[in-house]
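Take a look at the structure set out below.
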Amino acid sequence: MRITTNINDLNFKCSDVEDYKQGIIIGKKLIMTCMFGKNKNAVGLAHNQIKGNKNVYIVKSKNVFRTFINAKIVDASEDVIKHEEGCMSFPNKSNKVTRHTWITISHLIKDGYIQETFNGFEACIHQHEIDHLNGIDIHHKTEEDYNNE
Ligand SMILES: [Zn+2]
């Protein structure tokens, strides 16, 4: 699978999958995409980045990819950090974005929906990928946007 760099593939909201199994199949495709070439640098990837339309993304943590299905942010820190972020869909075009220092998400596992909290860099990756699935990329999500929310 190629990672798209076409904004028209990215700027729409993805829809939830109907069951866990469908999510895992998509997760495997995303993980495979990150196995080769320059994609090996990816720490996360969202389904619309490979021209999909489902609410599924992967995050690399401690060198292992996990799949997150139908994830939604249910709580977030008031504290934020501003930092420079890159994106596989915008090669060599990083941007300064504002992120919560921790977030709690609800997502679907085999046994149903659970909540999990992530901190620091990992929390930033989740916010980046969840943004993608809502049609938002690092060039939409600037400091100015945040202040206008
Ligand atoms: Zn990205």
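The values are calculated or read from the model by the stated rules, or taken from the named source; none is laboratory data. Here the structure is a predicted model, which is why all the values come from computation and not from measurement. Ideal geometry is used to build each Cβ from the backbone, glycine not excepted, and the neighbour counts take in all protein chains shown.
The table below gives the values:
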| read-out | value |
| --- | --- |
| Selection status of ASN119, modelled with pLDDT of 95 or more, touching a strand residue (DSSP E or B) at 6+ places or on another chain (Cβ under 7 Å) and over 22 Å from CYS14 (Cα atoms) | yes |
| LYS96 vs. criteria touching a strand residue (DSSP E or B) at 6+ places or on another chain (Cβ under 6 Å) and part of a strand (DSSP E or B) | yes |
| Criterion: within 11 Å of the chain's Cα centre (by Cα) and among the hydrophobic types (A, V, I, L, M, F, W, C) - qualifying residue of PHE36, PHE68, PHE121 | PHE68 |
| Some residue of segment 89-110 being more than 16 Å from the ligand (Cβ to nearest atom), crowded, with 18+ Cβ neighbours inside 10 Å, in contact (Cβ under 8 Å) with a residue 40 or more places away in the chain and not acidic (Asp, Glu) | yes |
| Criterion (within 21 Å of ASN6 (Cβ to Cβ) and either at pLDDT 95 or above or not in a loop (DSSP other than H, G, I, E, B) (or both)) met by exactly one of ILE105, ILE81, ILE58 | ILE58 |
| Pick from segment 10-27, criterion over 15 Å from the mean Cα position of the chain (by Cα) and outside any loop (DSSP other than H, G, I, E, B), ranking: farthest from LYS110 (Cα to Cα) | ILE25 |
| Single unsatisfied condition, THR4 versus (1) farther than 17 Å from ALA123 by Cβ; (2) at pLDDT 95 or above; (3) among the β-branched types (Val, Ile, Thr) | (2) |
| Residue within segment 37-51 that is assigned to a strand (DSSP E or B), free of Cβ contacts under 8 Å to residues at least 60 places away in the same chain and either among the small types (Gly, Ala, Ser) or surrounded by 18 or more Cβ atoms within 10 Å (Cβ to Cβ) (or both) present | no |
| Residue selected from segment 111-139 under the condition within 15 Å of the ligand (Cβ to nearest atom) and part of a loop (DSSP other than H, G, I, E, B), by the criterion surrounded by the most Cβ atoms within 10 Å (Cβ to Cβ) | ASP137 |
| Tally, over segment 61-88, of residues that are within 15 Å of HIS126 (Cβ to Cβ) and within 13 Å of the ligand (Cβ to nearest atom) | 2 |
